[in-house]
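The values are calculated or read from the model by the stated rules, or taken from the named source; none is laboratory data. Since we're looking at a predicted model, the values are computed, not measured. Don't worry about glycine lacking a Cβ; one is built from the backbone with ideal geometry, like all the others, and counts go over all protein chains shown. In case anyone asks, the SASA skips ligands and DNA or RNA and just uses the protein heavy atoms, side chains included. Shrake-Rupley method; radii C 1.70, N 1.55, O 1.52, S 1.80 Å.
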Amino acid sequence: MNEQLKNGYFKLSGIKVSGDPEAEGSSARLEQIDLLLAPGEWLNLVGVNGSGKTTLARLLAGLTMEGVYGEMDRGFAGFGPSPYVMQHPDAQLFGENPREEVSFALEWRGVPADEIPDRSERILSWTGLLPIADWPWEQLSGGQRQLAAVAASGAAETPLLVFDEATSMLDDASRGRVQQVAGRLCRSGTAVVWVTQRLNELDPYSRVVALAGGKIVYDGAGRQFLLGDGLGGKGQTPCEQCGLRLPYLASLAIEMNRLGKLDPHSPLPVTAEEWREVLKRP
């Protein structure tokens with residue numbers, strides 16, 4: 001693999017993914033997609049059901065190849081599919097327990113056999129699964145099984161990892177653990193594509209790509225996506241324009257700013273941590 005392919009951007013240019021040509025009324029699932037993804041980047045992918053976000057996520061993971069038109073250079077992601085974590089963990093678990101699942105994943109990725117035990121221990125520790133690594137699936141909760149799927153997907157520390165609404169069926173504690181593991185992998189150099197409809201998961205400083213009708217309608221910072229101009233006028237925010245509902249804290253920030261209750265020289269708060277800081281101010 002040459003250095004340009006190994007380290008370059010993942011690039012989509014003019015990508016179209018067609019619908020089923022035999023289906024009555026079929027239309028394109030993706031239309032004119034231009035996208036750059038950098039090594040080690042965290043990209044949030046959002047949109048209403050049917051917007052095309054799962055099709056784009058599968059394309060980025062290398063799982064959707066039929067009916068694809070346009071130019072695609074996988075760049076740093078290299079050849080072959082990237083790990084893909086789905087909503088329902090049971091559909092992607094093949095071992096008898098978390099330790100076996102992680103070992104299978106490392107073997108499939110071509111990790112030398114003598115490295116597998118140490119790497120398995122490390123990822124099982126990261127995910128908090130080490131104490132129950134040898135328990136059978138029926139003794140584990142849905143959240144623990146999802147963490148096992150995350151551990152198996154992240155164990156090989158691949159250049160790209162795609163999460164397709166991987167936290168949507170989890171409780172708050174399990175959801176937080178999955179996000180922590182994904183964040184740790186991202187900080188270590190893995191690019192993360194995070195597909196979600198839970199907009200309170202968005203970091204205001206991270207990148208958001210929003211889809212509607214199979215097209216990218218927003219590509220920019222999370223805070224701007226949620227707040228728009230933040231002035232509380234009649235215009236809709238980018239979030240609302242693509243059919244999504246504003247999270248409560250972002251909606252509150254817009255209203256409080258409109259009423260003149262927030263510091264006009266500071267960014268509007270959209271996370272619980274930012275609101276705590278605002279409330280501490282005199």
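With respect to being out of contact with any strand residue (DSSP E or B) (no Cβ under 6 Å at 6 or more places or on another chain), touching a residue at least 40 places away in the same chain (Cβ under 8 Å) and not in a loop (DSSP other than H, G, I, E, B), A173 falls outside the description.
Looking at the range 65-87 only, could you name the residues that are within 18 Å of K11 (Cβ to Cβ) and surrounded by 18 or more Cβ atoms within 10 Å (Cβ to Cβ)? Can you show your working first?
Taking the range 65-87 and keeping what is within 18 Å of K11 (Cβ to Cβ), we get 65, 68-82.
Within the range 65-87, M72, R74, G75, F76, A77, S82 qualify.
Which residue out of V150, V193, V178 is closer than 24 Å to G220 by Cβ and either hydrophobic (A, V, I, L, M, F, W, C) or in contact with a helix residue (DSSP H, G or I) (Cβ under 6 Å, 6 or more places away or on another chain) (or both)?
After ruling out the rest, the residue left standing is V193.
Of the residues that make up the range 105-118, is at least one in contact with a Ser or Thr (Cβ under 9 Å, 6 or more places away or on another chain), touching a residue at least 24 places away in the same chain (Cβ under 8 Å), within 23 Å of A133 (Cβ to Cβ) and open to solvent by 70 Å² or more (accessible area, probe 1.4 Å)?
yes
E115 - would you say it is among the charged types (D, E, K, R) and farther than 27 Å from L43 by Cα?
yes
Every listed requirement among (1) closer than 18 Å to V48 by Cα; (2) touching a Lys or Arg at 6+ places or on another chain (Cβ under 7 Å) is met by P204 save one, (1). Restricting attention to the range 109-136, the residues being part of a helix (DSSP H, G or I) and either under 25 Å from the mean Cα position of the chain (by Cα) or more than 30 Å from L59 (Cα to Cα) (or both) number 16. Of all residues in the range 56-76, those satisfying the criterion of being touching a strand residue (DSSP E or B) at 6+ places or on another chain (Cβ under 6 Å), over 24 Å from T196 (Cα atoms) and without any contact (Cβ under 8 Å) to a residue 60 or more places away in the chain are G67, Y69, G70.
From the list V17, V46, the lone residue that is open to solvent by less than 50 Å² (accessible area, probe 1.4 Å), of a type in the set (V, I, T) and modelled with pLDDT of 95 or more is V46.
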